[in-house]
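Beneath this line is the structure, given in structure tokens, with notes to follow.
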Amino acid sequence: MSWGWLIFALAFWVATFTLNVRLANSKNSETRAIGLAVPIIFGVTILVVWEGVVRGLNVPMVILPAPSAIYAKFVTSVPTLWEDFVQTFVKGALTGYFIGCGSAVITAVLIDRSQFLQRGLLPVGNFIAALPIVGTAPILVMWFGFDWQSKAAVVVAMVFFPMLVNTVQGLSSTTAMQRDLMATYHANYLQTLVKLRLPAAMPFIFNGLKISTTLALIGAIVAEFFGSPIKGMGFRISTEVGKLGLDMVWAEITVAAIAGSAFYGVVALIEKGVTFWHPSQRG
Amino acid sequence: MKNVLPILTVVAVIVAIWYVAAIPMNKQWALDQAARADTTLTTGALVLETWSQERPRLPAPHQVVTELWSSTGDLALSGSAFSKRSLILHAWYTLSATLLGFAFGTTLGILLAVGIVHSRAMDMGVMPWAIASQTIPILAIAPMIIVVLNSIGISGLIPKAIISAYLSFFPVVVGMVKGLRSPAIMDLDLMRTYSANQTQTFWKLRLPASMPFLFASLKVGIAAALVGTIVGELPAGAIRGLGARMLSGSYYGQTIQIWSALFAAAILAAILVGIIGVIQRRILKRMGMAQ
């Protein structure tokens, strides 16, 4: 055990914490720069404390590698990581995401015409959305084989119902006043759908899309635990855990975290552009 | 109650689709068997055959229900409710880890929310990371958590509970922050005219006002906790719990076993969410907040 690193980590933590409290309570705290600086300082603090504690307590690599070790592994194994990323994210997760979300929106528009179907499907859909759909992964892997098709199928199963429920809710979110206005314009069903109800449903649809980004990545990775070709993030994680190559596992997690956050960020950006009129975007 | 008929219709349609889908899915195997035995199947016999295979690609609903019953109720009646092939036993393992993780997650979530509401630095610093933490597929690192904790001598419930806690804390944080901030300016002003300090305002105004939000997020949280536990049971050769049943079913091609474990998990989730719903209604009614 080396006290130097521990004391350094503790001192760094106290210093940045004080700095953050100062920044947050300063009179400029509403500015964009400080709004960005505070979480960044917090994140850096976590990394430094992590590094300090791992070095200070001599934590063995098989339990928790230090951030610097993970970074070193990350830099040296970029080709493998890229191959896994393409296999899991681009082929598995993205394909499933588009198929699942697309078919859910179409289904929602179709059942939206029938009150009866809506009242029946919404509770059932809500129920299924709360179920551990991940559990269907072994079945779907059995049906669609080991390659990315089965991963995409798991993703479709996972994102379909949250997306369906959100879209149906969104389509019914127009007020009577707005629908009356469309009626006075003598708009037919299709015009009302395209000009009023779909735009009004956008905040809900994007809510579903954002939830689905995380689900898609989880589904694609977990499905690989049940069988996959010899590439893919889930495959790499489970085999490297077996070999106790924890630095590689953490490098994969870093990729997953970056991919997940970026995916979410892109959807949030598109949302900002599409639903610029919504109160939550104007603030 | 006007929703009962539509719901039943939808469920009936799903079951019907399921039966129909089972025919093409299982057809090949039935035909192969018939060819091997040098017999030809009439259409009716073929359909019946696809619904009663031992290892079908898609088991028919009644097969799943039968398996579910024979591994729960039937065993319970014969006095061996906690034998190794009893789903009650496996559901119990999963349930105990879920509840432990849910308790961890909820406590952590509420504490974080209290901190976020009372400290601006925490609000600005922690909240973005709490959101970012959910874009990381934690389930992907479940095997690592299990193996690592195992190697330092912690095994059993705790590793699974940690995973489910990680999944369930987030909805609670978000809901509680919203809830603790839900009192109107007017209410807060009233507390100030009473000269109430922060602690008093918290216990007498903020906490009661947050209850509806808390329960809404508890429902999401417990469902997430169950998913976390099941995934936590998948890797590292777990031998107990619903997740382990799915995994062993997938290794040995026991599709009916996978499906019945899946249904047991679904029923468990429904019961848990239902229980929280009942508590919610009771408490909100006592507090005069029922809608």
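Quick notes on this one:
- Scanning the stretch B:223-241 for residues that are modelled with pLDDT of 75 or more and facing chain A (nearest Cβ under 8 Å) turns up B:ALA223, B:LEU226, B:VAL227, B:ILE230, B:VAL231.
- Applying the condition of being charged (D, E, K, R) and exposed (fewer than 10 other Cβ atoms within 10 Å of the Cβ) to the stretch B:22-44 and asking which residue is farthest from A:MET142 (Cα to Cα) yields B:ASP38.
- Of the candidates B:ILE116, B:ILE152, B:ILE185, the single residue that is assigned by TED's automatic domain parsing to the domain that holds B:ALA216 and surrounded by 22 or more Cβ atoms within 10 Å (Cβ to Cβ) is B:ILE116.
- Residues satisfying the criterion are absent from the stretch A:221-243 (criterion: assigned to a helix (DSSP H, G or I) and farther than 21 Å from B:VAL231 by Cβ).
- Restricted to the stretch A:226-243, and to residues there that are within 8 Å of chain B (Cβ to nearest Cβ), more than 13 Å from A:GLY92 (Cβ to Cβ) and of a type outside the set (Gly, Ala, Ser), the residue that is surrounded by the most Cβ atoms within 10 Å (Cβ to Cβ) is A:ILE237.
- Selected residue (criterion: nearest to A:PHE235 (Cα to Cα)) from residues of the stretch A:109-168 that are surrounded by fewer than 24 Cβ atoms within 10 Å (Cβ to Cβ) and among the hydroxyl-bearing types (Ser, Thr, Tyr): A:THR136
- Against the criterion of being in contact with a Phe, Trp or Tyr (Cβ under 9 Å, 6 or more places away or on another chain) and of a type outside the set (Val, Ile, Thr), A:ASN207 does not qualify.
One line per residue, one yes/no per condition, for (1) within 13 Å of chain B (Cβ to nearest Cβ); (2) more than 22 Å from the chain's Cα centre (by Cα); (3) over 26 Å from A:GLY265 (Cβ atoms); (4) outside any loop (DSSP other than H, G, I, E, B):
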site: A:ILE139; (1), (2), (3), (4): yes, yes, yes, yes
site: A:LEU190; (1), (2), (3), (4): no, yes, yes, yes
site: A:LEU198; (1), (2), (3), (4): no, yes, no, yes
site: A:SER212; (1), (2), (3), (4): yes, no, no, yes
site: A:GLY219; (1), (2), (3), (4): yes, no, no, yes
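- Check on B:SER217, surrounded by 19 or more Cβ atoms within 10 Å (Cβ to Cβ), small (Gly, Ala, Ser), more than 17 Å from the chain's Cα centre (by Cα) and closer than 30 Å to B:PRO183 by Cβ: no
- Only one entry in A:ALA187, A:ALA176, A:ALA108 is of a type in the set (Gly, Ala, Ser) and touching a residue at least 12 places away in the same chain (Cβ under 8 Å), namely A:ALA108.
- Neighbours by Cβ (under 7 Å, 6+ apart or cross-chain): first from the stretch B:48-65, without any contact (Cβ under 8 Å) to a residue 40 or more places away in the chain; second charged (D, E, K, R) and outside any loop (DSSP other than H, G, I, E, B): B:THR50/B:LYS27
- Top-ranked residue in the stretch A:244-272 [being more than 9 Å from chain B (Cβ to nearest Cβ) and over 19 Å from the mean Cα position of the chain (by Cα); ranked as farthest from A:ALA69 (Cα to Cα)]: A:GLY245
- Residue ranges of helices (runs of 4 or more DSSP H) in the stretch B:29-79 with at least 2 members modelled with pLDDT of 75 or more: B:43-50, B:61-70
- Which numbered condition A:ARG32 fails, given (1) closer than 22 Å to A:LEU244 by Cβ; (2) loosely packed, with under 14 Cβ neighbours inside 10 Å: (1)
- For the criterion of being more than 9 Å from every other protein chain (Cβ to nearest Cβ), farther than 16 Å from B:HIS90 by Cα and in a helix (DSSP H, G or I), B:SER195 fails.
- Filter result for B:MET176 (away from chain A (no Cβ under 14 Å) and either modelled with pLDDT of 85 or more or in a helix (DSSP H, G or I) (or both)): yes
To keep it simple, each residue is scored yes or no on (1) facing chain B (nearest Cβ under 8 Å); (2) farther than 24 Å from B:VAL220 by Cα.
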position	(1), (2)
A:VAL109	no, yes
A:ARG113	no, yes
A:GLY120	yes, no
A:ILE128	no, no
A:VAL134	yes, no
A:GLY145	no, yes
A:SER150	no, yes
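- Residue, modelled with the lowest pLDDT, within the stretch B:124-163, restricted to residues that are part of a helix (DSSP H, G or I) and more than 11 Å from chain A (Cβ to nearest Cβ): B:LEU157
- Taken over the stretch B:263-275, the criterion of being more than 8 Å from every other protein chain (Cβ to nearest Cβ) and surrounded by fewer than 19 Cβ atoms within 10 Å (Cβ to Cβ) is satisfied by B:ILE267, B:ILE271, B:GLY274, B:ILE275.
- Options B:SER217, B:SER210, B:SER260, B:SER250: the member that is facing chain A (nearest Cβ under 9 Å) and either part of a helix (DSSP H, G or I) or within 11 Å of A:GLY135 (Cβ to Cβ) (or both): B:SER250
- When B:VAL278 is tested against (1) under 16 Å from A:ILE128 (Cα atoms); (2) surrounded by fewer than 21 Cβ atoms within 10 Å (Cβ to Cβ), exactly one condition is not met: (1).
The values are calculated or read from the model by the stated rules, or taken from the named source; none is laboratory data. Keep in mind that what you see is a predicted model, and the values were worked out from it rather than measured. Quick reminder, even Gly has a Cβ in these numbers, built from the backbone with ideal geometry, and neighbours come from all protein chains shown.
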